[in-house]
Structure formats: structure tokens, C-alpha cells
Amino acid sequence: MDIYVFSDESGVFDYKHQDWFVYAGMIIKGKQDIDILNRKYLALEKKLRQKEKYRKLPELKAKCLDERDRKNFCIFLISQ
């Protein structure tokens, strides 16, 4: 069995200048699960990019999304 580990961080690890530092990760078992997750993620990004406010952004980050879209994205991640 192949196991894939993905991680990412946000913010600066410096309590004097930032109140928050977030470190998150995912563990995915098998290539098939990665393929499924990638397709779902790309479909969600495509749906968000249909909105005018997100079309020209080089990368969709949580801080750029409005509250409703951010919640929908979080629900997507948690449900995986």
C-alpha cells in the first residue's frame, strides 16, 4: 500500500507579529484516493472560478474567499 502525506503551513511563526500560525496535513492511502481527491478539488476550484471575483486571482487562498465559499471549501476538505 502506498501512503501519501501532504502538509502546508500558513502565517509566520512569530508571536510578536502574527497571532496565528496554522499547520495542516492530509494522509491519503493509495493512488486511487489521490486521483479521486484531485478530481473533486479541481471541480470545486472550477466552480469557484466561475465567479467574477475569483477569475483573475493567480491562486485561490482562504483569505481571498468570502465567508460562504470558505465554509464550502472547508466542508469539502473535512468530508474527504
**OP:** Return the calculated 222 nm mean residue ellipticity for the chain, to the nearest 500 deg cm²/dmol, obtained by summing -39500 (n - 2.57) across DSSP H runs with n ≥ 4 and dividing by the residue count.
**Re:** -13500 deg cm²/dmol
Original post:
So which lysines pass the test for K56, namely a Cα distance under 28 Å, with those fewer than 8 places away in the same chain ruled out?
Top reply: K40, K46, K47, K71
Original post:
Over the chain, what is the mean sequence separation of C-alpha contacts under 8 Å (at least six apart), divided by residue count, expressed as relative contact order in percent?
Top reply: 22 percent
Subject >> Full-stretch length increase - L42, N72 - with 0.36 nm per residue and alpha-carbon distance subtracted >> reply: 9.4 nm
Subject >> Residue among P58, F6, A24 farthest towards the positive dipole end of the stretch 3-79, charges placed on Cβ >> reply: P58
Original post:
Between C64 and D33, what length comes free when the chain is fully extended (0.36 nm per residue of separation minus the Cα-Cα distance, one decimal in nm)?
Top reply: 8.4 nm
Original post:
Based on the Cβ-Cβ distance of K53 and W20, what FRET efficiency does E = 1/(1 + (r/R0)^6) give at R0 = 22 Å, to the nearest 0.05?
Top reply: 0.35
**OP:** Could you list the square roots of 5 times each eigenvalue of the Cα gyration tensor of the chain, that is, the equivalent ellipsoid semi-axes, sorted largest first and rounded to whole Å?
**Re:** 24, 21, 10
**OP:** Among the lysines, select those whose C-alpha is under 27 Å from the C-alpha of K16, and discard any that sit fewer than 8 residues away in the same chain.
**Re:** K61, K63
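Every number in this text was worked out from the coordinates using simple rules, so none of it is lab data. Keep in mind it's a predicted model, so treat the numbers as computed, not measured. Virtual Cβ from ideal backbone geometry, glycine too; neighbours counted across all protein chains shown.
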